[in-house]
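Here's the structure, in structure tokens; my notes come after.
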Amino acid sequence: MPTEKTPALQWHFAERALRLQGSVIREILKIAQRPEVISFAGGLPSPDTFPIAHMQAAFDKVLSANGRIALQYGPTDGYLPLREWIANSLSIPGVAIAPEQVLMTSGSQQALDLIGKVLIDEGSKVLVETPSYLGALQAFSVYGPEFVSLPGDEAGLLPEAVASVGAGARLLYALPNFQNPTGRTLSLERRRALVETCARLGLPLIEDDPYGALSYRAAPLPKMLTMHPDGVVYMGSFSKTLTPGIRLGYVVAPLPLVRKLELAKQAADLHTATLTQMVVHEVVKDGFLDTHIPTIRALYAERCATMLAALSAFFPAGVTWTQPEGGMFIWVTLPAHIDSTQLLDKAIAQNVAFVPGAPFYATNPVRNTLRLSFVTVTPERIREGIEKLGKLIAAQC
């Protein structure tokens, strides 16, 4: 037994542990959970869209009919009927995705970690958008990469910027549809150019697509996976179309890579929960998403339009913002002298929360930016919160 003279244990952390960083968003959410706070901070889907009755019925059916299988260990790559459904949903005429290319993961965040574990060494060059998804930057940072930020504009990242920096890079990570954090969409022309450039360089292209189904105005643009299935790694999730609480995502990759990802997952958690995979398959197998997703789109489109109108009404001259055609986010650029982190302190004092833009930059953070999420806030509270925020910004202009 330890005594008073026993020296305190000295923990010697691995270098990768010292690279671990907390999420700014998660810290803000602790504050934003207070009911009086109007939160534009979380990248959370609206709970109004959760198909609770369908999920409950599916749990009951799976447990009643196949409980012994659902509650048992399962294969690392995942529940085959669900992998078959995913492969079929991604296949198009002339491009067949095989179930063997699909690996189920515990949310798409695990897919990011597995990709980093398999492809990134200390000092590896990794190309990312400017700005990029904070969760990806966190996942990749553990493995000590050298991030290279790629420029972009309202039509997404610039493919021509890849040619000069892509040689020797391990991967290029991109969110082409309604990007987190900017809400922008990579144009069809640029998708083709990006795929061609990466193919020419032998550069793996990671296509992260959690928001692709959430288009307000038109059919989603073609997936880059279908343009070059041998060179594109596709990531998907059920978090935005069903519920994030089940923590179910997937990665689709060429067989040599997906087998390595499977081994890495096997070492991490053996397999994703069989029960939730079987339940999701039960929910989606007969076309439920074809009627469910349009209801999500309609709700999000209404709230996006409300926020855009409120921004026009209440934000002062000199402030600009993106005009998303889907997804969950609007990206705001303030006058250059305003630091959004300092603005956040004032906003929270007024019971309004958002996410400062700086953490979304892999290099050279731009501090006069911020991200607004509108999908969990009612139209009335959107207008109230944006009016408060507009007054705070105007006071600093």
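The values are calculated or read from the model by the stated rules, or taken from the named source; none is laboratory data. Here the structure is a predicted model, which is why all the values come from computation and not from measurement. Reconstructed Cβ throughout: ideal geometry from the backbone, glycine too, with neighbour counts over all protein chains shown. Note: areas computed on protein heavy atoms with side chains; ligands, DNA, RNA excluded. Shrake-Rupley method; radii C 1.70, N 1.55, O 1.52, S 1.80 Å.
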* To do: Would you mention how many residues in the range 166-185 are open to solvent by 30 Å² or more (accessible area, probe 1.4 Å) and touching a residue at least 40 places away in the same chain (Cβ under 8 Å)?
  => 3
* To do: Would you tally the residues in the range 237-271 being within 13 Å of T76 (Cβ to Cβ), open to solvent by 30 Å² or more (accessible area, probe 1.4 Å) and aliphatic (A, V, I, L, M)?
  => 4
* Is the range 156-165 home to any residue that is over 25 Å from R191 (Cα atoms), open to solvent by less than 50 Å² (accessible area, probe 1.4 Å) and either of a type outside the set (K, R) or out of contact with any Pro (no Cβ under 8 Å at 6 or more places or on another chain) (or both)? -> no
* Structure fact -> Residues of the range 19-64 being open to solvent by 70 Å² or more (accessible area, probe 1.4 Å), among the charged types (D, E, K, R) and at pLDDT below 95, in sequence order, are R26, E27, K30, R34, E36
* To do: Report, ordered by the first and then the second residue, all pairs with beta carbons closer than 6 Å, sequence separation of six or more or different chains, a first member in the range 200-215 that is in contact (Cβ under 8 Å) with a residue 12 or more places away in the chain, and a second member that is among the β-branched types (V, I, T) and assigned to a loop (DSSP other than H, G, I, E, B).
  => A213/T241
* To do: Could you please find all residues in the range 278-318 being of a type in the set (K, R) and under 15 Å from S239 (Cα atoms)?
  => R297
* To do: Count, please, the residues in the range 342-366 that happen to be within 21 Å of K388 (Cβ to Cβ) and assigned to a loop (DSSP other than H, G, I, E, B).
  => 4
* Asked: Quick one: what pairs do we get from the range 78-99, first residue under 21 Å from D269 (Cβ atoms), second among the hydroxyl-bearing types (S, T, Y) and at pLDDT 95 or above, C-beta under 6 Å, 6+ apart or different chains?
  -> I86/Y250
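From the list A264, A219, which one is modelled with pLDDT of 95 or more and either small (G, A, S) or out of contact with any Gly (no Cβ under 6 Å at 6 or more places or on another chain) (or both)?
A264
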* **Number of the condition not met by T197 [criteria: (1) touching a Leu at 6+ places or on another chain (Cβ under 7 Å); (2) free of Cβ contacts under 8 Å to residues at least 60 places away in the same chain; (3) not small (G, A, S)]** => (1)
* Within the range 272-304, which residues are surrounded by 14 or more Cβ atoms within 10 Å (Cβ to Cβ) and either at pLDDT below 95 or small (G, A, S) (or both)? -> A273, A301
* To do: Would you mention how many residues in the range 307-329 are over 23 Å from the mean Cα position of the chain (by Cα) and not in a loop (DSSP other than H, G, I, E, B)?
  => 7
* Given the residues S132, S91, which is the only one that is at pLDDT 95 or above, open to solvent by less than 30 Å² (accessible area, probe 1.4 Å) and polar (S, T, N, Q)? -> S132
* Asked: Which members of the range 202-224 meet the condition of being more than 25 Å from G116 (Cβ to Cβ) and open to solvent by less than 40 Å² (accessible area, probe 1.4 Å)?
  -> A213, L214, S215
* To do: Scan the range 100-128 for residues that are open to solvent by 30 Å² or more (accessible area, probe 1.4 Å) and not in a helix (DSSP H, G or I) and report the count.
  => 5
* Structure fact -> Selection from the range 202-228 of residues in contact with a Lys or Arg (Cβ under 9 Å, 6 or more places away or on another chain) and assigned to a helix (DSSP H, G or I) yields M224, M227
* Complete set of residues in the range 377-397 that are buried (at least 17 other Cβ atoms within 10 Å of the Cβ) and at pLDDT below 95 -> none
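Collect the residues in the range 342-376 that are surrounded by fewer than 17 Cβ atoms within 10 Å (Cβ to Cβ) and of a type in the set (V, I, T), keeping them in residue-number order. Break it down stepwise before answering.
Filtering the range 342-376 down to residues surrounded by fewer than 17 Cβ atoms within 10 Å (Cβ to Cβ) leaves 342, 345-346, 349-350, 363-366.
T363, V366, listed by residue number.
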* open to solvent by 10 Å² or more (accessible area, probe 1.4 Å), of a type in the set (S, T, N, Q) and assigned to a loop (DSSP other than H, G, I, E, B) - does that describe any residue in the range 193-201? -> no
* **Test for V332: is it open to solvent by less than 20 Å² (accessible area, probe 1.4 Å) and either closer than 30 Å to A57 by Cα or in a helix (DSSP H, G or I) (or both)** => no
* To do: Test G249 against the stated conditions and say whether it is small (G, A, S) and out of contact with any strand residue (DSSP E or B) (no Cβ under 6 Å at 6 or more places or on another chain).
  => no
